[in-house]
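Report on the structure given below.
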């Protein structure tokens, strides 16, 4: 099993964090734009805050996206063969 070999490699985790961070930022940005485009254009950021982040909703909002980003980064990094030192 290749994934079990990969997770033991420290360079694998560096690449996972790099890709995961980039994907997380893009994922959060796009999901906010798609779900709240009208509020962003009109400048109604209070409505976005109320819908997504108030009353502790921000924890679930970011945690779900963080887990998705981490799983995606682990999968994509394990699919790439060039992160291993030659």
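The values are calculated or read from the model by the stated rules, or taken from the named source; none is laboratory data. These numbers come from a predicted model, not from an experiment. Note: ideal-geometry Cβ built from the backbone for every residue, glycine included; neighbour counts use all protein chains shown.
Condition (residue is farther than 16 Å from residue 13 by Cβ, out of contact with any helix residue (DSSP H, G or I) (no Cβ under 6 Å at 6 or more places or on another chain) and either modelled with pLDDT under 90 or not in a helix (DSSP H, G or I) (or both)) applied to the range 66-81: is it met by at least one residue?
So far as the range 66-81 goes, yes, one or more of its residues are farther than 16 Å from residue 13 by Cβ, out of contact with any helix residue (DSSP H, G or I) (no Cβ under 6 Å at 6 or more places or on another chain) and either modelled with pLDDT under 90 or not in a helix (DSSP H, G or I) (or both).
Quick grid of which residues meet (1) surrounded by 12 or more Cβ atoms within 10 Å (Cβ to Cβ); (2) touching a residue at least 60 places away in the same chain (Cβ under 8 Å); (3) on the phi > 0 side of the Ramachandran plot:
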| position | (1), (2), (3) |
| --- | --- |
| 6 | yes, yes, no |
| 16 | yes, yes, no |
| 26 | no, no, no |
| 37 | no, no, no |
| 59 | no, no, no |
| 66 | yes, no, no |
| 69 | yes, no, no |
